[in-house]
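What follows draws every value from the coordinates through simple rules; no lab data is involved. Only a predicted model underlies this, so the values are computations on that prediction, with no experimental measurement involved. Backbone-built Cβ (ideal geometry, glycine too); neighbour counts: all protein chains shown.
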Amino acid sequence: MTTAIDTTKSTTPTELSEGCIVIAGGGTGGHIFPAIAIANAIKKLRPEISILFIGAKGKMEMEKVPQAGYEIKGLTIAGLNRTSVLKNISLPFKILASFFQVKSIFKKYKPSLVIGVGGYSSFPVLRYAQAKSIPTFIHESNSFAGKSNIALGKKATKIFVATDGMEKFFPSSKIIISGNPVRSVIANATINKSEAAAFFGLDATKQTILIVGGSLGAKSINDAIVQHIHLFAEKNIQLIWQTGKTNSTHYTAVVNAKENIWIGQFITQMEMAYAAADIVISRAGAMAVTELCIVGKPTIFVPYPFAAEDHQTANAMALVNKDAALVVKDKNANIMLANKAIELATDIDLQQKLKKNIQKLAKNNADELIATTVLQYLNK
């Protein structure tokens, strides 16, 4: 397992070094936190190596990566807007500009290899590296690969994937099934429920449901909770509710300091939230699924239905088909979610069954495997 890096020591690649590694991508926590886990694993094995992140300006990696102790450079790039054609007019110019920015960064830092973790900022970085014959590595966290990663995979050195069956997207000779890297504070947590419940001002003796929908929030999940908020109090069930940024003021006002609920836009110490929870309600992004397998929590997934290739439903059903989780369709959340959560909270036998089965699917050493493999190609 990895340990957190010592952020009091510089990890900034201020000197040109043949050992410099670039990690590119971001946009969501599902890309950023695995990238940081990989970086930490590399630093644990080879502390002398410099690591530089490259992300997209204005995205959350520009905040989260420096907090982890690493330098990051931002590209002026955006993804395809699927709801407004007009907003895509400037996209070709942003992509072109990003390639010039990548060229400038590479000229200064001279990376020996590049790791892409997903998100649209990874494409120009890996494409430029491949053009310069620099070894490139991809980590694909989902069960359905993104189009950029599929294109990049043709010239990638190795491709790390979370699940089997990815030969339909990538050359089989390049695939390594690694699983998804998880933050060490979660993977190695030893917090008991009493300590964690006290952190949120809750009662450790009561059934507690953790509700998470991503950094922006999940409207269908949040609205379903609001509509049935009284039911949880009636059943003596506590909530730890991460609303996300969207409409957070409204949800907080509805809760109005109820004793059985902790509510906030974002939970910075997820290890505490997982330890306090008996049950989790979550989207089914790849990293959410991975973390929930590792912490072994009975989970109700509400897959985001508009994810590319509906991959969140595929992620969730892979667990449901192994009796390792429950699922509620997004369109049915308002009708079914609260009642299903309450039913699960009152069925301890089902909780134990789901917990036992989801723990079987956990992969704990993805960060070490990726770091060890990548380092074999350093300065080859």
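For L361, the shell of other residues with beta-carbons less than 13 Å away shows a net charge of +3, using +1 for Lys and Arg and -1 for Asp and Glu. Principal axis extents of the Cα atoms in the chain, from largest to smallest and rounded to whole angstrom, are 63, 47, 39.
Legend: P(r) of region 186-359 from all alpha carbon pair distances, 10 Å bins from 0, whole percents, reading 10, 43, 39, 8, 0. Considering helices alone, the calculated mean residue ellipticity of the chain at 222 nm is -12000 deg cm²/dmol, with DSSP H runs of length four and up weighted by -39500 (n - 2.57) and normalised per residue. Could you tell me the distance between the Cα centroids of region 166-237 and region 334-358, to the nearest Å? If you average the Cα positions of each part, the centres end up 14 Å apart. Applying 0.36 nm per residue to the separation of N332 and K353 and subtracting their alpha-carbon distance, the gain on full extension is 5.1 nm.
Bridgeable aspartates and glutamates around K168 (alpha carbons under 18 Å apart, same-chain partners fewer than 8 residues away excluded): E140, E309, D310. When the Gaussian network model of the chain links Cα atoms closer than 10 Å, the mean-square fluctuations of Q242, Q227, Q312 top out at Q227. Using only side-chain charges placed at the Cβ, +1 for Lys and Arg and -1 for Asp and Glu, the dipole size of the chain relative to its Cα centre rounds to 1360 debye.
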